[in-house]
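The structure appears right after this line, and notes come after that.
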Amino acid sequence: MEVTNHSLSQITAETLDKLSHDELLYVSNKLLKDLKEARDRLNQNPSNSSKPSGSMPPWEKGDVDKHGEADTDAENHQDSEAQNISSTEKDQSGGSEETQSANDNVGANAENSANDKESPSSSETGNPERKKPGKQKGAQGYGRVWNPECTETEIHCHPMNCTVCGQELDPTKSIAYTQYKQVDIKLGHDETSGLQVLITPYTLYNNHCQHCEHDNRYEPSSSVKIDPHIWGEVQLSQWRMIGPHLAAFIVHLKMEFRLPIRKIQGLLMYFGIPLSVGVIQQCYEEAGMAVSSLENELVAAVVSEALVHADETAWLEKAKSLWLWIFMASSVVYFCVGRRTKELVSNVLSASFQGWLMSDGYGAYRHYEKRLRCWAHLLRKAQGLAESTDTQAVIFGKLVLNLMQVCMSAVYQWREEHPSLKEGTIELTTGLQPLLEAFKMACEKYGGNEVSHDKTKALAREFLNDWDTIFRVLAHPYLPLTNNEAERGLRPWVLLRKICYGSKSARGTKVFALLASIMQTCKKRSVCSMQFMAKAIASARNGEAISLP
């Protein structure tokens with residue numbers, strides 16, 4: 001048995017003094033064995049064990065290097081001993097070695113001198129000084145080595161007018177000063193199937209003004225950063241290796257198909273487009289910056305709608321717990337990420353919002369008077385009570401289910417009879433009034449303190465607190481009964497969250513919310529989101545204004 005920490009803490013000098021000779025020898029052997037094992041563990045390093053190289057502190061790596069040099073010196077010593085033995089055997093071999101001709105001696109001397117000239121220096125032999133980590137002096141660097149052949153006609157970019165005097169410049173006197181290639185794609189259609197890769201060369205020119213002697217240079221346009229604190233190093237410029245359609249394709253692979261960047265990189269390789277992970281990430285962030293100017297337009301469109309569905313789900317930004325909010329209307333969808341507060345709802349749905357708000361029972365929505373409650377949430381809670389083992393819960397749960405089924409049947413029947421009526425107040429509650437009054441009395445009973453089942457009490461009080469909001473649909477049966485629109489709108493991004501675990505920075509969160517808003521708004525308006533995204537990226541790079549489709 002090994003000596004445990006608990007036992008070792010009790011062994012003192014006084015304890016050892018009390019032991020006999022045999023007992024002291026027994027303890028000493030155990031301590032010796034443990035000491036050797038401990039020393040062996042302390043001496044483990046990446047060169048003599050399976051410990052990774054990063055596990056060694058920087059100040060201890062020199063010991064490992066010394067061990068390596070010692071091994072090399074031992075090998076060199078063995079080689080020198082082998083050479084000495086070989087030369088001794090030569091000397092003892094007799095006169096055959098001494099009878100060689102003079103020509104052979106001359107040739108051998110010449111060969112030895114040549115070998116001395118060609119032999120590497122001591123720093124290049126088997127026992128050099130250990131090299132420093134990292135890239136060595138004279139080593140070949142790494143960079144973009146892909147130089148694809150051009151498939152499209154070269155585009156010449158000349159300065160049109162002098163910057164100083166405004167005179168028109170003669171393009172025939174321009175001198176090229178640089179060139180870059182842009183990689184783009186062309187998707188198939190009804191007549192031509194498949195995906196085509198387009199390589200377009202761009203040549204930029206200088207032009208000397210003959211009137212004012214000013215040198216003019218064509219500079220690719222670039223947009224001004226809206227919020228440098230968020231966008232940081234993200235740039236929107238004409239000078240881009242990735243064309244707008246390819247950038248939009250990358251965005252859809254990441255958002256619509258939920259592919260990680262490494263998977264996108266591998267997929268593009270099948271099309272002969274070798275891109276780095278950094279370039280793909282830049283395309284994603286650039287697309288978010290390109291549509292960032294549409295955020296205010298999205299919010300304004302949501303506020304102007306007659307009916308808005310709102311919901312929220314958990315979202316992670318690195319280690320920060322936030323919430324992904326959706327505000328969905330008939331023709332626009334707006335996503336934002338923030339805290340689960342009433343303030344966020346008020347910032348999106350300002351005082352100018354006069355429409356109906358469909359939501360669940362979360363308290364952040366309760367300050368809106370024209371609010372609707374999702375019946376699906378209430379039905380699930382009632383179903384849970386009906387399946388409970390508590391007698392009171394079962395009775396109240398079945399009571400809620402029966403009432404809501406009667407009310408929903410009345411709403412569906414009215415919709416069949418009046419399919420085109422979408423406004424006004426309808427007295428649908430007249431025939432249901434006695435049933436509603438009886439149900440309200442039951443809620444007061446089961447919401448009291450005499451009920452022991454907590455969930456039964458909570459659901460009864462929820463009906464009493466939100467009574468007008470829950471049964472408002474009976475006065476406006478053309479309005480929806482559930483918040484399924486918002487639930488379905490969040491579903492794709494919940495799946496994405498399960499794959500990527502949210503975003504890693506505030507910029508990534510902003511880009512995700514903007515791109516999700518644009519893509520789902522395009523679907524609502526029956527517009528190809530990929531074509532719109534490509535158009536938005538191209539317009540933003542050229543410094544042109546864009547608007548929602």
(message) Checking the conditions here, which among Arg217, Arg258, Arg262 is more than 16 Å from Cys283 (Cα to Cα), surrounded by fewer than 20 Cβ atoms within 10 Å (Cβ to Cβ) and of a type in the set (Lys, Arg)?
(response) Arg217
(request) Would you check if there is a residue in the stretch 437-455 being under 43 Å from the mean Cα position of the chain (by Cα), part of a helix (DSSP H, G or I), under 18 Å from Ser388 (Cα atoms) and assigned by TED's automatic domain parsing to the domain that holds Leu401? (result) yes
(message) Looking at Arg415, Arg373 in this structure, which one is in contact with a Ser or Thr (Cβ under 8 Å, 6 or more places away or on another chain), touching a residue at least 40 places away in the same chain (Cβ under 8 Å) and not hydrophobic (A, V, I, L, M, F, W, C)?
(response) Arg373
(request) Quick one: in the stretch 481-521, of everything that is of a type outside the set (Gly, Ala, Ser) and touching a Cys at 6+ places or on another chain (Cβ under 7 Å), which residue is farthest from Ala247 (Cα to Cα)? (result) Thr482
(message) Among the listed residues His309, His367, identify the single one that is of a type outside the set (A, V, I, L, M), in contact (Cβ under 8 Å) with a residue 24 or more places away in the chain and in contact with a strand residue (DSSP E or B) (Cβ under 9 Å, 6 or more places away or on another chain).
(response) His309
(message) Can you tell me which of (1) more than 23 Å from Ser237 (Cα to Cα); (2) of a type in the set (A, V, I, L, M, F, W, C); (3) at pLDDT 95 or above is the one Cys500 doesn't meet?
(response) (3)
(message) With modelled with pLDDT under 75 and of a type in the set (Val, Ile, Thr) as the only criterion, which of Thr153, Thr125, Thr192 stands out?
(response) Thr125
(request) Read through the list (1) surrounded by fewer than 18 Cβ atoms within 10 Å (Cβ to Cβ); (2) at pLDDT below 95, then give the number of the only condition that Ala540 fails. (result) (1)
(message) Which residue is surrounded by the fewest Cβ atoms within 10 Å (Cβ to Cβ), if the candidates are limited to the stretch 356-403 and must be among the acidic types (Asp, Glu) and under 25 Å from Ser346 (Cα atoms)?
(response) Glu369
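The rows are residues; the columns are (1) at pLDDT 90 or above; (2) touching a strand residue (DSSP E or B) at 6+ places or on another chain (Cβ under 8 Å).
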site	(1), (2)
Lys186	yes, yes
Tyr205	yes, yes
His211	no, no
Ser222	no, yes
Leu236	no, yes
Gly243	yes, yes
Leu246	yes, yes
Gln265	yes, no
Tyr270	yes, no
(request) Could you list all residues from the stretch 162-177 that are in contact (Cβ under 8 Å) with a residue 12 or more places away in the chain and either of a type outside the set (A, V, I, L, M, F, W, C) or closer than 27 Å to Val251 by Cα (or both)? (result) Thr163, Gln167, Asp170, Pro171, Lys173, Ser174, Tyr177
(message) Given the criterion at pLDDT 95 or above and surrounded by fewer than 14 Cβ atoms within 10 Å (Cβ to Cβ), identify the matching residue among Ser505, Ser526, Ser517.
(response) Ser526
(message) Any residue at all in the stretch 520-528 that's part of a helix (DSSP H, G or I) and within 18 Å of Glu285 (Cβ to Cβ)?
(response) no
(request) Go through Leu479, Leu514, Leu496, Leu490 for me and flag whichever is outside any helix (DSSP H, G or I) and of a type outside the set (D, E, K, R). (result) Leu479
(message) Checking the conditions here, which among Tyr205, Tyr180 is buried (at least 16 other Cβ atoms within 10 Å of the Cβ) and touching a residue at least 12 places away in the same chain (Cβ under 8 Å)?
(response) Tyr205
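Listed here are the residues, each with its yes/no results for (1) among the hydrophobic types (A, V, I, L, M, F, W, C); (2) closer than 23 Å to Phe532 by Cα; (3) out of contact with any strand residue (DSSP E or B) (no Cβ under 6 Å at 6 or more places or on another chain).
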position: Ala287; (1), (2), (3): yes, yes, yes
position: Ser293; (1), (2), (3): no, yes, yes
position: Leu298; (1), (2), (3): yes, yes, no
position: Arg340; (1), (2), (3): no, no, no
position: Leu344; (1), (2), (3): yes, no, no
(message) Among the residues in the stretch 362-382, are any farther than 17 Å from Arg488 by Cα, charged (D, E, K, R) and touching a Phe, Trp or Tyr at 6+ places or on another chain (Cβ under 8 Å)?
(response) yes
(request) Could you tell me whether the stretch 459-468 includes any residue that is modelled with pLDDT of 95 or more, over 30 Å from Trp315 (Cα atoms), buried (at least 16 other Cβ atoms within 10 Å of the Cβ) and not assigned by TED's automatic domain parsing to the domain that holds Phe327? (result) yes
(message) For the structure I just gave you, tell me whether Ala290 is within 29 Å of Tyr218 (Cβ to Cβ), crowded, with 17+ Cβ neighbours inside 10 Å and modelled with pLDDT under 95.
(response) yes
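The values are calculated or read from the model by the stated rules, or taken from the named source; none is laboratory data. Treat the numbers as computed from the prediction; the structure is a model and nothing was measured. Cβ: placed from backbone, ideal geometry, glycine included. Neighbour counts: every protein chain shown.
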